Amino acid sequence: MAELAGLADPKTREVNEKHGDGHGVNLGKLRALAKRLKTQQELARGLWATGDSAARLLALLICRPKAFGRDELDGMLREARTPKVRDWLVNYVVKKNPHAEELRVAWSADPDPVVAGAGWALTTERVAKKPAGLDLAGLLDTIEAEMRDAPDRLQWAMNHCLAQIGIEHAEHRARAIGIGERLGVLKDYPTSPGCTSPFAPTWINEMVRRQGSRAAG
């Protein structure tokens with residue numbers, strides 16, 4: 001904890017706090033520390049228990065993802081206070097855990113929009129990598145009905161799923177683009193030069209274009 005405190009930088013904290021993340025540690029330095037520590041499950045649990053955002057991010061880098069139980073991961077998501085911690089928990093730990101599918105189903109139906117957003121993030125992963133058994137048309141029905149009025153984090157996760165369906169599944173592409181155009185979610189989102197807009201129709205078309213370019217090359 002003392003080492004983490006020494007790595008904290010006020011300017012980094014100021015930038016992170018604008019995005020809802022309450023830590024001041026440069027993520028490159030955090031990853032270097034994790035590389036030095038290597039995998040240490042008990043230390044990871046101890047770091048998580050501090051409640052400190054930087055400590056929790058470090059914990060997620062040095063833990064053994066498959067060592068957590070279903071209820072433990074559920075509790076960790078619910079007590080994770082910042083977007084970065086939640087994103088790393090889902091992407092670095094839950095996706096590699098044997099309970100991922102069970103949690104995906106439970107979280108997607110949760111009344112807490114932050115928890116539901118994590119469920120949608122896991123669904124997006126399946127859309128891309130293991131779509132067999134998913135009701136893609138049903139997912140599009142839900143997105144069409146609920147995304148426009150969903151809270152920010154949940155809306156973002158649903159929009160990512162919408163884009164992923166359009167990118168990966170040509171038979172649903174026209175409908176996915178149509179839903180995105182009708183709802184207009186993230187249409188005016190500020191996008192840095194060289195980055196792809198998160199507006200689903202733009203995102204889908206750009207990624208499909210890139211895939212076509214790679215295939216042609």
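Each value in this text was obtained by applying a stated rule to the coordinates, not by laboratory testing. Note that this is a predicted model, so its numbers are computed, not measured. Note that each Cβ is placed from the backbone with ideal geometry, even for glycine, and that neighbours are counted across all protein chains shown.
How many percent of all Cα-Cα pairs in region 25-161 sit more than 27 Å apart? Kindly include the intermediate steps, with their values, before the conclusion.
Working: 2091 of 9316 pairs.
In whole percent, the share of Cα-Cα pairs in region 25-161 beyond 27 Å is 22.
Going down the list Lys29/Lys129; Lys84/Lys187; Lys35/Lys130; Lys66/Lys130, which pairs span over 26 Å between their C-alpha atoms? All intermediate terms of the calculation are to be shown ahead of the outcome.
Numbers: Lys29/Lys129 31 Å; Lys84/Lys187 24 Å; Lys35/Lys130 30 Å; Lys66/Lys130 19 Å.
Checking Cα-Cα distances, Lys29/Lys129; Lys35/Lys130 exceed 26 Å.
For a quick protection proxy, order the peptides 132-145, 167-180, 64-77 by their average other-Cβ count within 10 Å, most packed first.
Going from most to least packed, we get 167-180, 64-77, 132-145.
Could you work out how far helix 136-146 tilts from the main Cα principal axis of the chain, as a 0 to 90 degree angle to the nearest 10?
80 degrees
What number, in nm² with one decimal, is the all-direction average of the projected area of the convex hull of the alpha-carbon atoms of region 123-191? Mind dumping the intermediate values first?
On the way: hull surface 18.4 nm².
Spelled out: convex hull of the Cα atoms, projected over all directions, averaged, 4.6 nm².
Subtract the Cα-Cα distance of Ala8 and Lys96 from 0.36 nm times their separation in residues, and report this length gain in nm to one decimal.
28.8 nm
Based on the Cβ-Cβ distance from Ala49 to Lys130, what FRET efficiency comes out when R0 is 35 Å, to the nearest 0.05? Can you show the working numbers first?
Values: r = 33 Å, r/R0 = 0.94.
Result of the calculation: an efficiency of 0.60.
Work out how much length Tyr189 to Ala174 would gain on full extension: take 0.36 nm times their residue separation and subtract the Cα-Cα distance, in nm to one decimal. Write down the numbers at each step before the final one.
Working: separation 15, 0.36 × 15 = 5.40 nm, distance 2.20 nm.
So the chain would gain 3.2 nm between Tyr189 and Ala174.
Tell me the label-point distance for the pair Lys38, Asp71, using the 7 Å Cα-to-Cβ offset, in nm and rounded to one decimal.
Spacing of the two 7 Å Cα→Cβ label points: 3.3 nm.
Stretch Ala145-Arg210 to full length: gain in nm at 0.36 nm per residue minus the Cα-Cα span?
20.4 nm
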